[in-house]
1. Order of B:THR252, A:THR112, B:THR284 from fewest to most other C-beta atoms within 10 Å?
2. Which length gain, in nm to one decimal place, applies between B:LEU101 and B:ARG199 when the Cα-Cα distance is subtracted from 0.36 nm times their residue separation?
3. Counting other C-beta atoms within 10 Å, which of B:ARG200, A:ARG87, B:ARG37 has the fewest, and how do the rest follow?
4. Based on the Kirkwood radius over alpha-carbon pairs, what is the Stokes-Einstein translational diffusion coefficient of segment A:129-179 at 10 °C with 1.306 mPa s viscosity, in µm²/s?
5. Taking a threshold of 26 Å on the Cα-Cα distance, which of the pairs A:LYS84/A:LYS147; B:LYS136/B:LYS207; B:LYS154/B:LYS187; B:LYS154/B:LYS207; A:LYS147/B:LYS32 fall above it?
6. For segment B:30-81, place one equal point scatterer on every Cα, skip the solvent, and apply the Debye formula. What is log10 of I(q)/I(0) at q = 0.13, 0.19, 0.29, 0.31 Å⁻¹?
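Bear in mind these aren't lab numbers, they're just calculated from the coordinates by the rules spelled out. What you see is a predicted model; the values in this text were computed from it and never measured. Because the Cβ atoms are built from the backbone with ideal geometry, glycine has one as well, and the counts that use them run over all protein chains shown.
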Amino acid sequence: MFGAAANRGSEHGQEDHWASFDAEVMPHAPSLFRIALWLTRDRTEAEDLVQETLTEALGAFHRFITGTNCHAWLVSILYHRNSKRRRAASRLTLVSDSDERIAETAVFEAPTPQSVTDEDVLAALKRLPRSFQEVVILADIEEMSYKEIASAINVPIGTVMSRISRGRKLLRAELAGYARAHGFLRQRALSMD
Amino acid sequence: MECHEFCEIADSYLSDELSVETNHEAISHLEKCADCRCELSARRALRTNLRDAFIGLPVNRMRPEFVSELSGRLRDAAIEVRSQSIVPSMERSQSRRYFTLAVAACLLLTLLIGSIIVRQLLSRPAQNIVKIELAKAAVGDHRDCAEEFRLAEKPIALDVAGQNYDPVYLGLAEIFAKGSVAPPDVKFIEAHSCVFAGRRFAHIVLKYHGSLVSFLVTGIPSNLASDHSPAKDPATIVCSQIEGYNVSFFQTHRHGIFVVSTLPEGDNLALARAFAPGVFDHITNRERTTALLID
């Protein structure tokens, strides 16, 4: 008698578990995919990475505290899984010093152009060094806080803040150059230039 | 806040990452600076633009088939994970219960053994202290009664004391008076009951090699009680020196027997060992018959 009740209870428990996971975690899957695709630059790898991330999240979901930032938790898992995959594949990626040096040269504070197309913005983003692309995507597209980004990509928060600041400046500089070329940079910006 | 300062923190302002104070300064500056309001608006627009463009990119969208497959796999995994985790969790909880019980039993046993050992360790010094105090009282009684006759309270006959205070005193003197077990040179002087420092003794005074020897029998506290006495094996009786006197000691269940003298240790011990079996049997029998063992 108790066994049947326990089974029924466990079935309900399984359904509840899935329902909670589905409601809490699955809405973040598109964001995870975008980040995974940016990280891997390969659609199939990105899908695998997302699946691994969500499977791990499912196994650890009992540890997730409702009300805390689920998205940040998932992104942390995704980065962790990605690191493991890269280690497994023995693909070492060196942190590019040149990226940092490029950013150091971006001292010009360009005024933000007001009329740019999606293509322009995406092209400007694409031209950023990867370390800056990464934090700009996480902060301005995926709307993660500096602290959450620092935790996810495992770098000091000061580095995150620095990279975001320089990444945004570079992005604006790219777009400003484009806007100037097309003659729709703001008047104030022209005078500053 | 100047315009160039605001431009530095404008993105953090949009991200709500500024401290309260800086945020307040930024708001104050925005209220009076149209250019910075314009710049802020442009950055906000750029961010929205960037976000919408990036998210809206077809390449950044998951394939519907992948979403469907992923959801199905995860749902199956969720059920599998739960069913795997529920059953073992029941087994785990049972084995954990056994483990907890075993640990609790071990702890209990350890505590029990530990408390016994600790009690023994603690009680040994305490017992020794009590015995030393009793021995000192015996020495004092020997000195003040047998040697110097200066007791505050006059001694009474041993049989009287046996009837009024302690039945083991009854007939005790006969063991010494008979002289059958005593070494040849031992001379029975007298037997009485006296009180020293508030403690009553049965006091048998002997003379051996020119020295007075006191056999002093007194009740002992229950924490000193023992069924094992060196008197069963007189060879194990030991002698100590207290306040210039040699004192041999043995005990029954409820009584301590002190042999006090200025005799050499060997002689003191020899006397104690000679009389110990008879004294032990006598007192033990009396203890039994008077049901002293019961209380």
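1. Details: B:THR252 25, A:THR112 28, B:THR284 21.
With the sparsest Cβ surroundings first, the list reads B:THR284, B:THR252, A:THR112.
2. On the way: separation 98, 0.36 × 98 = 35.28 nm, distance 5.15 nm.
Difference between extended and current length: 30.1 nm.
3. On the way: B:ARG200 20, A:ARG87 10, B:ARG37 14.
Ranking B:ARG200, A:ARG87, B:ARG37 by Cβ neighbours within 10 Å, fewest first, gives A:ARG87, B:ARG37, B:ARG200.
4. Details: Rh = 10.9 Å.
D = 146 µm²/s.
5. Numbers: A:LYS84/A:LYS147 22 Å; B:LYS136/B:LYS207 21 Å; B:LYS154/B:LYS187 23 Å; B:LYS154/B:LYS207 21 Å; A:LYS147/B:LYS32 31 Å.
Distance filter (> 26 Å) returns A:LYS147/B:LYS32.
6. Log10 I(q)/I(0), no solvent term: -0.58, -0.75, -0.98, -1.03.
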